[in-house]
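Following: one structure in structure tokens, then a few remarks.
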Amino acid sequence: GQTNLKSPQDIQVYVVNTNFTLRWKYTGNDTNVTFSAEYRWFEDFTTDGTEWKELPGCQKVTHMECDFSSAITEYYDKHHVRLRAERREEVSPWSSVFEMTPYDIAQISAPGIELQSINGVIKIKVSPPEANQVKKMWIDDVNFKYNLVIWENSSNAELRNRSIFPTDIIDGLAPETTYCLKVQATYPWEAKEGLFSPVHCVKTTRKVNDLFCATNVTVLALNMKFHLHWNNRYKQHVSYNVQYLIGYLKKFYDDYSVNWLNVPGCENIADTQCNFSSIITTVSGIFYLRVQAMNEYDKPCLSNEVKVDPLVTNEIGPPGVKVDISDVLLHIQIYPPGGSESEVMSTHYDLSYRVLYWKNSSNNEEEIKMKEIKQTIGTISDLTPSTLYCVKVQAFSKAYNKSSHFSKEECIKTPGDKTSPLIILATFVTALIAVLLVAAPLGFALYQAYGKIKYVFFPSCQPPLNIEGFGGQLFNSPCLSTTEEPIENCSIIETIITEEVNQTDFKDYKHSKQSSRDSGNYSNDDDTSGNKVSEETLEKEIV
């Protein structure tokens with residue numbers, strides 16, 4: 001079971017489209033050695049794979065490579081490949097296993113190209129990499145993009161790169177000059193770049209310069225209103241037809257020359273401009289435009305084509321602005337470019353607004369301030385009273401790196417300095433509290449002083465009437481204390497007084513009366529009434 005044969009080394013599989021090539025190296029010095037390979041595949045990544053089988057096209061090969069394209073039919077499944085050396089009945093150990101998924105390692109082959117030099121330009125037609133093949137690695141040819149490299153056939157050639165469609169025109173070339181070119185297919189979805197085609201060279205012709213042809217064809221677009229302009233060098237009668245082509249038709253390999261359509265309203269016109277806004281039915285598509293000129297002999301001449309990508313070609317116009325003022329805020333109302341009818345401007349550009357505002361005064365050093373907003377309504381605070389403020393607004397789109405011109409300046413004057421109602425209310429409440437804090441203790445002190453003065457100088461108690469004035473005597477003494485003291489009950493004994501009573505007795509009575517006043521308090525009820533009766537009786541007796 002022993003052998004001197006070495007195993008093949010450095011096993012590699014190369015895949016171009018659906019063409020599979022196995023290559024390896026062998027370091028042994030043996031002669032008459034052949035190589036044979038086996039393979040197996042996995043229907044999915046969870047299975048153990050099929051049994052090892054002989055790899056068709058790679059049995060008893062004498063060279064260091066073999067083609068096994070016919071053996072592989074499942075391009076998205078995992079495959080294993082192994083190889084060994086053989087000499088008569090002697091075999092080497094199997095090489096290490098090479099693992100692959102065909103689609104992942106496949107390369108794109110070179111496309112086919114056809115060239116035609118006519119009227120100063122080169123017409124090119126590209127065939128897809130797997131044209132006319134039954135088995136295809138790349139399902140959809142439309143997904144291919146093509147990269148052209150072109151240069152003058154000279155010692156100091158400068159390479160120029162550009163993307164082209166399957167059928168395209170290469171212009172901007174020098175007349176009667178030999179150009180060489182090659183084309184590469186790419187598959188952007190898988191980030192794959194193919195092989196370049198063989199180099200082709202062709203000589204340009206001199207362009208026929210008809211004066212009635214439209215020249216300098218340009219597009220001017222503002223707020224989704226599209227206009228085509230061109231120059232007329234012809235002095236005689238000439239009419240124009242403006243034609244357009246929907247861009248996606250250029251992706252196909254068929255002849256799209258029959259798909260050019262006339263722009264409505266721009267047929268057989270003498271003007272050198274055309275409004276083609278009506279054909280822009282979608283902002284996500286690409287359009288191509290050209291001008292067909294017809295002289296008085298009905299000879300046609302086609303201008304160069306211009307590409308229109310609506311959101312890229314279009315320019316943003318200045319927005320509308322309206323300003324208003326309140327006590328503390330400057331209100332800014334912004335109207336999107338294009339007016340209310342152009343919703344595309346706000347929707348697809350995702351517009352923002354750059355607001356510049358400043359004090360319009362004689363001082364040239366006044367700072368211009370800026371703020372950016374997303375909404376169409378903005379406010380500015382920290383205003384100076386009785387000051388003229390000016391505002392202008394610019395619309396811009398970060399996504400498309402576009403900005404408009406600034407709007408016209410709008411100016412408005414702030415009102416004079418007014419005290420805020422809240423400040424007035426706060427001041428009133430503060431003053432009221434201060435007054436209450438001062439007036440309450442002061443009022444209480446005055447009230448206490450008033451009570452003392454009234455008590456001393458205007459007492460509320462009054463002496464009995466029989467004491468206040470008797471016999472013309474007035475008493476100005478202060479009120480007696482209200483404290484109850486022992487009262488001596490006195491009474492007048494009514495007796496029959498004779499006429500012989502003398503003056504001495506009356507005097508004694510009066511003396512007794514005075515003593516009674518000094519002795520204490522008297523009753524204001526029974527005693528008073530009794531005293532009055534006694535006094536009257538006594539006076540009558542004296543008389």
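Residues in the stretch 120-152 that are crowded, with 19+ Cβ neighbours inside 10 Å and not hydrophobic (A, V, I, L, M, F, W, C): 4 in all. Report whether or not Ser362 is of a type in the set (S, T, N, Q) and more than 17 Å from Ala399 (Cβ to Cβ). Spelling it out, Ser362 is indeed of a type in the set (S, T, N, Q) and more than 17 Å from Ala399 (Cβ to Cβ).
Quick grid of which residues meet (1) touching a Ser or Thr at 6+ places or on another chain (Cβ under 7 Å); (2) at pLDDT 95 or above:
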site: Arg233; (1), (2): yes, no
site: Gln236; (1), (2): no, no
site: Gln243; (1), (2): no, yes
site: Tyr248; (1), (2): no, no
site: Cys274; (1), (2): no, yes
site: Val283; (1), (2): no, no
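Would it be correct to say that Glu90 is touching a His at 6+ places or on another chain (Cβ under 8 Å) and either of a type in the set (A, V, I, L, M) or open to solvent by 30 Å² or more (accessible area, probe 1.4 Å) (or both)? Answer is no for this residue.
Among the residues making up the stretch 181-227, those that are in a loop (DSSP other than H, G, I, E, B), surrounded by 13 or more Cβ atoms within 10 Å (Cβ to Cβ) and among the small types (Gly, Ala, Ser) are Ser197, Ala214.
Pro264 falls short on exactly one of the conditions (1) in contact with a strand residue (DSSP E or B) (Cβ under 7 Å, 6 or more places away or on another chain); (2) of a type outside the set (Gly, Ala, Ser); (3) without any contact (Cβ under 8 Å) to a residue 24 or more places away in the chain, and that condition is (1).
The rows are residues; the columns are (1) polar (S, T, N, Q); (2) free of Cβ contacts under 8 Å to residues at least 60 places away in the same chain.
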| position | (1), (2) |
| --- | --- |
| Val355 | no, yes |
| Lys369 | no, yes |
| Thr376 | yes, yes |
| Val391 | no, no |
| Gly416 | no, yes |
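Quick grid of which residues meet (1) touching a residue at least 24 places away in the same chain (Cβ under 8 Å); (2) under 30 Å from Ile105 (Cβ atoms); (3) touching a Cys at 6+ places or on another chain (Cβ under 6 Å):
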position	(1), (2), (3)
Arg162	no, yes, no
Asp171	yes, no, no
Val183	yes, yes, no
Thr205	yes, no, no
Thr218	yes, no, no
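Counting only strands (runs of 3 or more DSSP E) that sit completely within the stretch 35-145, those holding 1 or more residues that are touching an Asp or Glu at 6+ places or on another chain (Cβ under 8 Å) correspond to 78-87, 121-127.
Given Asp298, Asp309, Asp327, which one is over 26 Å from Asn268 (Cβ atoms), outside the structural domain of Thr387 (by the TED database) and charged (D, E, K, R)?
Values: Asp298 fails: over 26 Å from Asn268 (Cβ atoms); Asp327 fails: outside the structural domain of Thr387 (by the TED database).
After applying the criteria, what remains is Asp309.
I want to confirm something. Restricting to the stretch 96-121 and keeping residues that are of a type in the set (A, V, I, L, M) and touching a Phe, Trp or Tyr at 6+ places or on another chain (Cβ under 7 Å), which single residue is farthest from Ala85 (Cα to Cα)? Selected residue: Ala110.
The residues of the stretch 305-321 that are buried (at least 16 other Cβ atoms within 10 Å of the Cβ) and assigned to a loop (DSSP other than H, G, I, E, B), listed by number, are Glu305, Asn314, Ile316, Gly317, Pro318, Pro319. When Val344, Val328 are checked against the criterion of being assigned to a helix (DSSP H, G or I), out of contact with any His (no Cβ under 6 Å at 6 or more places or on another chain) and modelled with pLDDT under 95, Val344 stands alone in meeting it.
Condition first: of a type in the set (S, T, N, Q) and either assigned to a strand (DSSP E or B) or not assigned by the TED database to the domain that holds Lys307 (or both). Now tell me which residues in the stretch 234-280 satisfy that. Break it down into steps so the answer makes sense when it comes.
As a first pass, look at the stretch 234-280 and keep what is of a type in the set (S, T, N, Q): 236, 239, 241, 243, 257, 259, 262, 268, 272-273, 275, 277-278.
Residues satisfying the conditions are Ser239, Asn241, Gln243, Asn262, Gln273, Asn275.
Where strands (runs of 3 or more DSSP E) sit wholly within the stretch 360-419, those with at least 1 residues that are under 20 Å from Val344 (Cα atoms) and either open to solvent by 80 Å² or more (accessible area, probe 1.4 Å) or at pLDDT 90 or above (or both) occupy 369-373, 377-380, 388-397.
The values are calculated or read from the model by the stated rules, or taken from the named source; none is laboratory data. Because the structure is a prediction, the values reported are computed rather than measured. Quick reminder, even Gly has a Cβ in these numbers, built from the backbone with ideal geometry, and neighbours come from all protein chains shown. Ligands, DNA and RNA are excluded from the accessible area calculation, which covers all protein heavy atoms including side chains. Shrake-Rupley method; radii C 1.70, N 1.55, O 1.52, S 1.80 Å.
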